[in-house]
Every structure is written in structure tokens, then in C-alpha cells.
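Accompanying notes for the structure given below.
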Amino acid sequence: MSARVISIANSKGGVGKTTTTVSLAEAFAAEGRRVLVVDLDTQANASLLVFGNEGDEHLFQAINDYATISDWLLENFEANEQKRLEEYIVTDASDVTASGKPLPLDLIPSSPRLRKTEKELIYHLTEQGYSMEALENQVGRRLRDDFNLLKAKYDVILCDCPPGISTMTESVLAASHLVIVPTIPDFMSTLGLDLFTGDVMTNLRERDVKKLPMVLATRYDNSQHQQVVLNAMREAAAAQEAEFTMFKTVIPMKSGFATNPIELGPEPTIEAKWSGGALPVIKDLLAEVKAALA
């Protein structure tokens with residue numbers, strides 16, 4: 001077993017990264033794949049959405065037990081404890097069932113203190129004479145080593161990245177087989193797309209990341225403005241010097257893509273969690289993702 005690593009990222013927030021991450025993770029798991037979600041966002045929304053009905057309690061427990069991605073950073077690069085990412089995995093974290101069975105979905109949760117931890121780590125190591133480049137190399141090397149160990153245990157690893165690009169995010173993107181960029185087809189959101197596919201991916205290509213990111217149109221309301229912008233995005237993806245490709249699947253603006261897990265109660269089915277016509281769209285996206293990874 002050697003997992004395929006998928007990162008879901010965009011410089012702009014509020015475009016559906018977390019929903020994309022968790023819906024794909026649960027769709028893969030519903031097929032029997034062994035799936036790991038790595039939550040890199042300080043808001044920890046992917047952790048809450050995976051945990052489901054008692055998400056607050058589970059996340060509080062992980063934070064209280066120093067068992068989050070933030071603690072991995074601190075213990076490795078400040079306390080020099082040499083901890084592996086696999087030590088922070090919450091196994092069978094999802095409360096969702098498919099075909100009467102719990103989803104085989106694990107999670108490395110995030111924490112609201114993650115961004116503060118990253119800043120403190122930068123201050124701590126620069127005071128010791130480390131340059132930013134040296135810090136990025138250290139974090140990147142350790143992430144790659146730990147991801148290589150994780151890939152032996154899973155079929156798919158999905159990383160929910162925060163808005164903006166941190167040292168950790170860039171390292172994860174560089175280790176990914178596929179980068180998905182959810183984008184609302186409107187003027188403001190495409191500004192963030194230009195930043196991501198331009199500056200960020202250009203830097204990654206200098207690190208031998210050759211595959212273009214794939215843009216996923218999200219929260220599509222079929223308005224005239226969004227129709228015009230979506231067509232422009234597709235034209236840009238088809239251009240000879242394109243900086244990204246695009247999924248055919250479009251995620252509509254539907255309530256089924258934003259169901260509150262608390263409202264579903266314990267052990268909801270995957271059909272209940274992704275209701276209102278959402279699940280067929282997710283399955284269409286899943287088929288395209290598998291083709292892109294082939």
C-alpha cells in the first residue's frame with residue numbers, strides 16, 4: 001500500500017476547501033479505502049466535520065491530550081522530542097456509516113493554536129540563528145519523512161490547507177500527487193486563484209512539482225456573473241500556457257453541502273450527511289479525482 005496524497009488549498013478563504021476535503025475523504029472511505037485526513041487549518045473545521053455529532057468534545061480531548069498537528073510541530077522543533085505524525089492519529093474518527101458499516105477514516109486533528117505555534121516556532125529558531133530557508137528545509141524534510149511512513153498505512157491521504165501559504169502548507173503541497181483548488185467563480189475569488197496558481201505553484205515548480213493544480217468550481221449559483229467567470233476560467237485552463245486544469249464537475253450552491261453534523265445525530269449515514277442531491281455530485285468529483293491520480 002502506498003497512499004496517494006491530495007492537498008486541497010487556495011490562498012483565499014471561504015471557498016469550500018474543508019467541505020471538499022471531508023466529502024472526498026468520506027466518499028473514498030465509503031468505497032472501502034483506508035483514508036487519512038490531515039487538518040492543517042487553525043480553524044480546525046475539517047476536524048469538527050470529520051468527528052461529527054460530538055465534534056467539539058472530541059476536538060477538546062485531542063487538544064487537552066496534546067495530540068494535534070500543532071503539538072507535532074512544538075514537540076519536534078522546539079522540544080526536540082522526535083515525534084512522528086502517526087503518533088497523532090485519531091483512528092476511526094468519523095461517526096458516519098456507509099452500507100451499515102463505520103467509515104474507515106482516520107484523522108490528524110488541528111488546533112486553534114496552530115498559527116500561534118508556527119509563529120512562536122519561527123521566533124524560537126531564528127533566535128538560535130536559523131534562517132527561514134533552514135527552517136523550511138527542516139519542517140519540509142520531517143514532513144516528507146513522516147508522510148512516507150503514513151503512505152504505507154493508507155490508500156489516500158487528504159490535507160485540508162489553510163488560507164495563505166505557511167511553511168507546513170508549502171511542504172505538504174510539494175509532497176502531493178494532486179493539488180485541488182476550490183474556487184467560487186466570481187471576480188473576488190478568482191483573484192485568489194491567480195495568486196495561488198501563479199506565485200505559489202511557480203515556487204513549487206522550482207522544487208520539481210510538475211503537475212498542474214486542478215481547479216474545482218464551488219458554490220455555483222448559475223447567475224449570469226458566475227456563468228461568465230466560469231467560462232473564462234475554463235478558457236484559461238484550456239490555454240496553451242495554462243497554469244491550472246479544471247474539473248468538469250461543478251459544486252452547486254446547495255444546503256446539502258453544508259449540513260451541520262450536530263443536527264444529524266450520532267452515526268448518520270453518508271446519504272444523510274450529504275443530502276439534497278449532494279452525494280451524486282460528490283461521486284462525480286470522486287471519479288474525476290481517481291482518474292487524475294491514475
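Descriptive notes on the structure:
- Mean-position separation - Cα centroids, the stretch 113-155 and the stretch 1-61, in angstrom: 20 Å
- Excluding ligands, DNA and RNA, the accessible surface per residue across the stretch 1-42 is 24 Å² with a 1.4 Å probe.
- Debye equation applied to the C-alpha atoms of the stretch 44-100, log10 I(q)/I(0) at 0.16 Å⁻¹: -0.54
- Accessible-area composition of the chain, carbon plus sulfur, in percent [1.4 Å probe]: 50 percent
- Estimated dipole of the stretch 1-89 in Debye, rounded to 20 [Cβ of Lys and Arg +1, of Asp and Glu -1, Cα centre]: 560 debye
- Extent along principal axes [Cα atoms of the stretch 4-118; Å; largest to smallest]: 44, 30, 29
- Computed FRET value (nearest 0.05) for Thr245 with Asp284, which takes r as the C-beta separation and R₀ as 22 Å: 0.85
- Two-decimal Rg to Rh for the chain - Kirkwood Rh, Cα set: 0.95
The values are calculated or read from the model by the stated rules, or taken from the named source; none is laboratory data. Because the structure is predicted, anything quoted here is derived from the model rather than measured. Counting neighbours? That spans all protein chains shown, and the Cβs are built from the backbone with ideal geometry, glycine included. Note: accessible area is taken over every heavy atom of the protein model, side chains too, but ligands, DNA and RNA are not part of it. Shrake-Rupley method; radii C 1.70, N 1.55, O 1.52, S 1.80 Å.
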